[in-house]
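A.B. asks: Structure provided below as structure tokens; questions to follow.
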Amino acid sequence: MQTTVLRLNPGDDLRAALDLVLKQGGGKAAFVVSGIGSLAGASIRFAGAEAPARIEGALEILTLAGSLSPDGSHLHISVSDTEGRVFGGHAAPGCVVRTTAEILIAQLPDWQFSRETDAATGYAELVPRRLS
């Protein structure tokens with residue numbers, strides 16, 4: 001396992017930045033181990049929802065975790081607003097960094113992740129394959 005630490009800056013799109021990690025490094029499999037920071041707004045798809053909800057305003061990232069593959073990421077996030085309300089679900093494009101985001105990524109050089117449509121769920125699900 002190899003680790004990568006990212007610090008994202010104001011205006012960066014969280015999901016787009018994470019999707020670039022594998023593309024730039026040529027990796028085939030990684031996990032987001034931890035992520036904290038702040039967002040200026042977020043798009044989060046709640047459980048069972050078809051489309052993401054938009055949450056505006058200053059938000060704190062409480063947790064961020066997920067898998068990264070060349071076919072795309074699967075990220076879960078929880079955030080709190082200025083009143084301490086917590087929202088969580090799938091991180092969608094549009095989670096824009098407000099001041100900073102600090103993210104720890106574990107890259108798995110012996111693995112390849114892909115996403116393939118699963119007949120049982122109807123979603124593109126993770127298919128892990130060991131390379132060695």
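A.B. asks: Give the residue that is farthest from Val33 (Cα to Cα), with candidates limited to residues of the range 58-76 that are open to solvent by 30 Å² or more (accessible area, probe 1.4 Å) and either assigned to a strand (DSSP E or B) or among the basic types (Lys, Arg) (or both).
C.D. replies: Top of the filtered list is Ala58.
A.B. asks: Let me ask another. State yes or no: is Ile44 touching a residue at least 40 places away in the same chain (Cβ under 8 Å) and in contact with a Gly (Cβ under 7 Å, 6 or more places away or on another chain)?
C.D. replies: yes
A.B. asks: If I filter the range 106-132 down to residues being out of contact with any Gly (no Cβ under 9 Å at 6 or more places or on another chain), aliphatic (A, V, I, L, M) and not in a loop (DSSP other than H, G, I, E, B), which single residue comes out as surrounded by the fewest Cβ atoms within 10 Å (Cβ to Cβ)?
C.D. replies: Val127
A.B. asks: Something else: Write out, first by first residue and then by second, each pair whose Cβ atoms fall under 7 Å of each other, whose residues are 6+ apart or on separate chains, and whose first residue, in the range 106-119, is more than 13 Å from Val21 (Cβ to Cβ) and modelled with pLDDT of 95 or more while the second is of a type in the set (Lys, Arg) and in a loop (DSSP other than H, G, I, E, B).
C.D. replies: Trp111/Lys28; Gln112/Lys28
A.B. asks: Take the residues of the range 71-104 that are out of contact with any Ser or Thr (no Cβ under 6 Å at 6 or more places or on another chain) and of a type in the set (D, E, K, R): which is nearest to Glu60 (Cα to Cα)?
C.D. replies: It comes out as Asp81.
A.B. asks: Which ones in the range 10-38 are over 15 Å from the mean Cα position of the chain (by Cα) and either among the small types (Gly, Ala, Ser) or open to solvent by less than 70 Å² (accessible area, probe 1.4 Å) (or both)?
C.D. replies: Gly11, Gly25, Gly26, Gly27
A.B. asks: Inside the range 77-91, can you point out the residues that are loosely packed, with under 15 Cβ neighbours inside 10 Å and assigned to a strand (DSSP E or B)?
C.D. replies: Val86
A.B. asks: Only one residue in Gly94, Gly122 is at positive phi and free of Cβ contacts under 8 Å to residues at least 24 places away in the same chain, so which one is that?
C.D. replies: Gly122
A.B. asks: Could you check, for the range 24-34, whether at least one of its residues is at pLDDT below 95 and outside any loop (DSSP other than H, G, I, E, B)?
C.D. replies: Yes, the range 24-34 has at least one match.
The values are calculated or read from the model by the stated rules, or taken from the named source; none is laboratory data. Model, not experiment: these values are computed from the prediction. Don't worry about glycine lacking a Cβ; one is built from the backbone with ideal geometry, like all the others, and counts go over all protein chains shown. Note: areas computed on protein heavy atoms with side chains; ligands, DNA, RNA excluded. Shrake-Rupley method; radii C 1.70, N 1.55, O 1.52, S 1.80 Å.
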